[in-house]
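Read the structure below first, then the notes.
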Amino acid sequence: MHCNQFQQQLDDYLDGSLPAAQDAALGQHLAQCAACHGAYHQALLLQATLRQLAPPPPSANFYPQVLQRVTGRASRPGQNWLKGALAASVLMVMLLSGYVLQQAPHTSETGPAAVTIALLPEQSQTVQLAFNSNKALTEVALTLTLPEHVEIAGFPGQRQLSWTTDLAQGPNMLRLPLVIGRDVSPGAELVAQLNHASGNKTFRIQTRVAQTPSPHST
Amino acid sequence: MSIIPLFAGSRARRFEAQLRPLLPVLYRYAYRLTGARADAEDLVQDLLLRLYEKELDTSRLDNPQTWLLKVLYRQYIDWQRKSRRTPTLLAEDNASEILAQLPAHDPVPEQHLHQAQLQRQLLQGLAQLNEQQRILILLHDVEGFSLTELQEVLDAPLGTLKSRLHRGRQQLREIFQHDGEPSAHSDRVTG
């Protein structure tokens, strides 16, 4: 092997990306050629020095703080590019009326007649549900049960989601970023249940694939 | 009208759990691109804001790290274009930031003094490379990203990256050889 061949392949040799036979040939040349041996060691030193170029660490507590800022601030008004992204995703607004959680304890009521929503397939579209309450309530357990091929964006594969929230007197808006699959069954129901010590309420929303963009699209 | 938070706590926790382990890589990568800590932090924050608003679920991605680095790189290109900034890799204060990382409790001060000198020469050498070469060397030789990974992240063919790397390293070696005396100290440095 000539020295210029060695020089040509030095980078691949350093990266360990040569086939075994070529790698061995370069190793053999290295053992015999003082000039190439020197060049090889210089290249090694250069790489070792490069690896020591550590960047300065980020500001103190940058990692937890940036996550906190982002998760707490992302929806704050005034960030124009966020507004744009948000507006594009809100394709339908639906108001679901009904008084929830009336006086009688431990009752189970069905909400108003089932409403049907049509969504474009395979993309996140926000559906807004409005729950009217005739008084402020705390510790209301809200459970969403999703039919097959309907997901809440960011929660893939989850058929049921439950969490506890408070309701104010009057309308309470819940924004649901839904993704509907093309294979959703006709009449598949999304069920929202509200459970409170004073009573229960169930709302049923039928979902289907929209054939054309909704006239309410923004 | 009142707003019912949609899993506000859960969503934030899930986002944090998914992204937190990747933040050091993202920060280091952003730093290699911008060359300044404040800019790197801004770049990472902007990326996270976009991801959170778009409700990204990294568990759906085959290789979240590569995808995120690719997005960050595009964001960097936009950021650079808009702000017309140039990386401050060799700004004097930045060099000081890097050199300040050397161990304070140095058992062999002369050796580290020499290494500090080599690093300064290296920073000057890197500044003489074009941006594409510099970024590639920093990501491959310093941060250890494979060329295969960088092929996707930087959206460039492998052959292009190899020749870019070869030219950059060659230039750096020439500068290093001319300015430094590495062979006399090669036995002191280990990878």
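Where a number appears in this text, it was derived from the coordinates with a stated rule and is not lab data. This structure is a prediction, so every number in the text was calculated from the model and none was measured. Positions of Cβ are backbone-derived with ideal geometry, glycine not excepted, and every protein chain shown enters the neighbour counts.
With a 10 Å cut-off around each Cβ of A:169-175, the average count of Cβ atoms from other chains is 3. Placing a pseudo-label 7 Å from each Cα along the Cα-to-Cβ vector at A:ALA168 and A:ASN4 gives an inter-label distance of 7.9 nm. Neighbouring Cβ atoms from other chains, within 10 Å of the Cβ of residues in B:41-50, number 4 on average. With a 10 Å cut-off around each Cβ of B:52-62, the average count of Cβ atoms from other chains is 4.
Estimated from the Cβ-Cβ distance and a Förster radius of 51 angstrom, the FRET efficiency linking A:GLN128 and B:GLN128 is about 0.35. Close amide H partners of A:LYS135, meaning residues 5 or more places away or on another chain with modelled amide H under 5 Å apart, are A:GLY170.
A straight chain from B:ASP155 to B:ALA17 at 0.36 nm per residue would run longer than the Cα-Cα distance by 46.9 nm.
Peptides A:13-24, B:161-172 ranked from most to least packed give B:161-172, A:13-24, packing being the mean of other C-beta atoms within 10 angstrom over each peptide's residues.
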